[in-house]
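A short reminder: the numbers here are calculations on the coordinates, not readings from a lab. Everything numeric in this text was worked out from a predicted model, so none of it was measured. Neighbour counts run over all protein chains shown; Cβ positions are idealised from the backbone, glycine included.
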Amino acid sequence: MTDHRDYESIDPIAPTGDAIPMKTLRTIAMGLLLTLPAFTPVLADEIGDFLDEARAAYEAGDIKATKYAIDQASVALAQLAAAALAEVLPEALPGWTAEEAETSGNEAAAMAMLGGGMTASRSYSGDAGSVDISVMGDSPLLMMYAPMLANPMMAAALGRTQKIGSVDAIVSSEGQVIMIVANRFVVTVDGSADEDDKIAYAGAIDLEALATL
């Protein structure tokens, strides 16, 4: 792993009783890792390394280096969480083919530096056209869509509401499906295929697993 510890020195600041102990930060991060299915061991090791660097810098009174290492751990956690999102995307339905799921990668890293966010998507193709599924976690879109789903009159302005599994979805006049899962994830199903195909793919998403992430 590249050594990022060539920081400009600052006046040492001794840890105080009001600061969060690095042991606590590591415990929180490892707890998050345990909630992610089939996480990548390399990423998990990298997160642990960054937290170790943060603790060493914190105990040395180097606040700037501490923050940098914690930020890097947050970036890696966002990438790991995005990979977990990909696990809930369905395989191709009969008669369809699926591309490999994609995660937001560097976008997840950038969003993490701004306070969070992660994305996973997958595209499907068949004789009837294409379907594109996107799952966004901790997205600003929640603030736009959540009130619409909670207000029937606002939802009607976009299309109609329909139950997909245990989730209330908006189906737009163009056939786009929009769902909010666990008050945290925005799921959109779009593409050139007809509405029935998009609804079928929306129903094939592992919404129960998504709600637990």
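Can you give the net charge of the other residues whose Cβ lies under 14 Å from the Cβ of residue 164, counting K and R as +1 and D and E as -1?
-3
Once amide H atoms are built 1.01 Å from N in the peptide plane, which residues 5 or more positions from residue 139, or in another chain, come under 5 Å H to H?
Residues meeting the criterion, in which the H sits 1.01 Å from N, are 186.
Near residue 90, within a Cβ-to-Cβ distance under 11 Å, what is the net charge of the other residues, with Lys and Arg +1 and Asp and Glu -1?
Cβ neighbours under 11 Å give a net charge of -2.
Along the Cα→Cβ direction, 7 angstrom out, place labels at residue 123 and residue 161. What is the inter-label distance in nm?
With each label point 7 Å from Cα toward Cβ, the separation is 3.4 nm.
What nm value, rounded to one decimal, do you get for the distance between residue 146 and residue 211 when each label is placed 7 Å out toward the C-beta?
Those two pseudo-labels are separated by 1.7 nm.
Under a Cβ-Cβ cut-off of 14 Å, what is the net charge of the residues other than residue 100 that fall near it, where Lys and Arg count +1 and Asp and Glu count -1?
Its environment carries a net charge of -4.
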